[in-house]
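Presented below is the structure to which this report refers.
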Amino acid sequence: MSFNVLWLQSGGCGGCSMSLLCADTADFPALLSSSGVNLLWHPSLSLENQHDLLGLLQDVLSGRTRLDALCIEGAVLRGPNHTGRFHLLAGTDVPMMRWIEQLAQVATHVLAVGSCAAWGGISASSSNPTDACGLQYEDEQVGGLLGRAFYARGGLPVINLAGCPTHPGWVLDTLMLLAAGQFGAQDLDPLGRPRFYADQLVHHGCPRNEYYEYKASAAQPTELGCLMENMGCKGTQAHADCNTRLWNGDGSCLRGGFACINCTAPGFQSPGHAFHLTHKLAGIPVGLPTDMPKAWFVALASLSKSATPKRVKVNSRSDHVVLAPVTRTSRPR
């Protein structure tokens, strides 16, 4: 039996769909069909027109077409005055938020694709004039559109495939696991994110880890050193496997020279300081590694800096490797 997936876009940039199209496969439709996933409709992948979509939605709501997974991309726009009329589904006079509420009630599983759909994300930034929110969260607060008590028919709350954008592998792996009946409540972390990527840290596999170990920090964006101390990197706090599950098989933010901004977490869009700067208190970064006491970090940093090899110290403040590792034989003498 095929696993029917309906994908709708709400308030956002469409970046998660663009990311999905970069999935590491030569034959996207074949990958889905071989996994038993049937894409009922997707705004970028489907040939059916708007009239066909509206007919499909009615079939789903009436029960004529089974809906196994409802995927929502983008934040829910509840404004103005909680009417939802900032965003009407094309071809109807019905707010997208009402369609989502109805479809969520008949779906076996509901997936928030990307941080906008999960928490509100970029769409809910600043004064949030559109009253944007996530499906089951409003930033760090549980609730959102569907409410704290919502559970889909399959027994799970909203599955938050958080990321800005979300990694295509996170989306496809989750859909394939659901289709195979191998994804349950034990596979979600406390924020409803799939644990297969949320139990990792962006720090894992970071190409700058040697600089981090010696606290040899970059002072400018072009330098090779660790970006945590000065350049706003939150890789030691961010839950994702970006540096071990590379994007397009080759890249990640840190490999591209950019600090991790913890885009899989609620509230990442409003850190209270410039993204490219590290917020400090008494000269110590406020955002320390997730599970390290501050006193231990300060002591370790002091010891590490005193032991930093000249090669690491020099290279950390350069845009290329200046000093290569010393060549020595490894043969025991």
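Among the criteria (1) under 22 Å from the mean Cα position of the chain (by Cα); (2) at pLDDT 95 or above; (3) among the β-branched types (Val, Ile, Thr), the one Thr25 does not fulfil is (2).
Here the condition is being more than 30 Å from Met1 (Cα to Cα) and open to solvent by 10 Å² or more (accessible area, probe 1.4 Å); of Gln182, Gln141, it holds for Gln141 alone. Filtering region 289-305 to residues that are in a helix (DSSP H, G or I) and either open to solvent by 80 Å² or more (accessible area, probe 1.4 Å) or touching a His at 6+ places or on another chain (Cβ under 9 Å) (or both) leaves Lys294, Trp296, Leu303, Lys305.
Within region 144-169, the set of residues being over 13 Å from Gly192 (Cβ atoms) and surrounded by 21 or more Cβ atoms within 10 Å (Cβ to Cβ) comprises Leu145, Gly163, Cys164, Pro165, Thr166, His167, Pro168. Of the residues making up region 227-244, those that are buried (at least 21 other Cβ atoms within 10 Å of the Cβ) and either small (Gly, Ala, Ser) or farther than 24 Å from His167 by Cα (or both) are Glu229, Gly232, Gly235, Ala238, Ala240. Note on region 110-135: residues that are among the aliphatic types (A, V, I, L, M) and either at pLDDT below 95 or open to solvent by 10 Å² or more (accessible area, probe 1.4 Å) (or both) amount to 2. Applying the criterion of being in a helix (DSSP H, G or I) and open to solvent by 40 Å² or more (accessible area, probe 1.4 Å) to the residues of region 187-212, the residue that is farthest from Val171 (Cα to Cα) is Glu210.
Going by what's in this entry, would Thr278 be described as within 27 Å of the chain's Cα centre (by Cα) and either surrounded by 13 or more Cβ atoms within 10 Å (Cβ to Cβ) or not in a loop (DSSP other than H, G, I, E, B) (or both)? Yes.
The values are calculated or read from the model by the stated rules, or taken from the named source; none is laboratory data. Computed from a predicted structure; not experimentally measured. Please note: Cβ atoms are built from the backbone with ideal geometry, for glycine as well, and neighbour counts cover all protein chains shown. Keep in mind that these areas ignore ligands, DNA and RNA; they rest on the heavy atoms of the full protein, side chains included. Shrake-Rupley method; radii C 1.70, N 1.55, O 1.52, S 1.80 Å.
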